[in-house]
Amino acid sequence: MPTLPATTPPGLHLAIIMDGNGRWASARGRPRAAGHVVGARKAREMVEVASNHGIGTMTLYAFSADNWARPRREVVTLMRLFRRTILAEQERCIATGVRLIFIGRRDRLPRELLHTIEAAEAATAGGKRLLLRVALDYGARDTIERVIAMARTIDGPVTRDKVAELIGRADHSGGAAPDVDLLVRTGGEQRLSDFLLWECAYAELIFTRRMWPDFSEDDLVQALKEFHSRHRRFGAIDEPAEERARTA
Ligand code: IPE
Ligand code: IPE
Ligand code: MG
């Protein structure tokens, strides 16, 4: 297993719930698997453009801990597609400075896929341009359960920083859990589906009806524009400058 740094590249943390592959395919009279294939290509395309738009960390929801409930045929197809995609993309990641890590459980993935993700993490460990976190067999509540079990075994107070660090250990991302700046969900649903519940505490949320295979660089630019137009207060209020000076 590679040693992962606790730091992330400068830039925004964009998280994406890549939803709508199945409906996209069904609407075209094609099997759901076809939507997943186009969805995987779309993920590759978005990774390529992300750092041109000020993104330093990107977390993509590829397979949730609850997606095991899908028909076995779809699950097997997805696991094969993940492996094929990682093998096909690894060299490009190395060449373009993309560090690949996988967050989520590792005890339920097919053995060949597990070997492939571990090898990809090791091979891309030098990437400094973009930290790409792929959530595979990921569930935030599952992570939280493991964090609580770990917290019981440590000495000292369980501070907020400690929780973030334990999340990193529990979901195998190495460093402390990075806060999400912007969360985009495609596919029209307006929910989190157990994604990054801790990390999204102050994330800006954008839900789009666009199905993931149709998502474009323009859509990403639009989402970022919307993000930059929002006013993040983190619980504080805007004090007039003279008020701030008086109380400082
Ligand atoms: C997201 O698309 C990909 C995975 C969950 C693996 P879906 O497969 O959920 O597509 P819809 O929501 O059924 O259209
Ligand atoms: C969330 O989508 C998981 C991924 C995109 C990988 P789902 O399609 O599984 O979510 P629900 O079932 O609509 O909440
Ligand atoms: Mg879905």
For LYS162, give me every one of the aspartates and glutamates with a C-alpha distance below 18 angstrom, ignoring sequence neighbours fewer than eight places off in its own chain. ASP142, GLU145, ASP171, ASP179, GLU199
Radius of gyration and maximum dimension Dmax of region 13-55, Cα, Å: 12.3, 37
Once both axes come from the Cα atoms, what is the angle between helix 32-50 and the longest principal axis of the chain, in degrees from 0 to 90, rounded to 10? 40
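Taking Rh as the Kirkwood radius computed over C-alpha pairs, what is the Stokes-Einstein D of the chain at 10 °C in a medium of viscosity 1.306 mPa s, expressed in µm² per second? Don't skip to the answer; put the middle values down first.
Values: Rh = 19.0 Å.
After rounding, the answer is 83 µm²/s.
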Under 5 Å from the placed amide H of CYS200, counting only residues 5+ away or on other chains, we find VAL180
Calculated [θ] (222 nm, deg cm²/dmol) that DSSP helices of n ≥ 4 give over the chain, each run adding -39,500 (n - 2.57): -13500 deg cm²/dmol
Reduced Cα scattering model of region 105-243, Debye log10 I(q)/I(0), q = 0.13, 0.19 Å⁻¹: -0.78, -1.32
Any chance you could list P(r) for region 166-248, counting all Cα-Cα pairs in 5 angstrom bins from zero, rounded to whole %? 3, 11, 16, 17, 16, 14, 10, 5, 5, 2, 0
For region 192-237, just say rounded, prolate or oblate: build the C-alpha gyration tensor, square-root its eigenvalues into a ≥ b ≥ c, call rounded for a/c under 1.5, and beyond that prolate if a/b exceeds b/c, oblate if not. oblate
Apply the Kirkwood formula to region 95-146: the hydrodynamic radius equals the inverse of the mean of 1/r over all pairs of different alpha-carbon atoms; give it in Å with one decimal. 11.8
Gyration tensor (alpha-carbon) shape descriptor, region 1-105, a/c threshold 1.5: prolate
Post the alpha-carbon centroid distance, region 3-70 to region 101-149, in whole angstrom. 14
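All of the numbers you see were taken from the coordinates with simple rules; none came from a lab. Keep in mind that what you see is a predicted model, and the values were worked out from it rather than measured.
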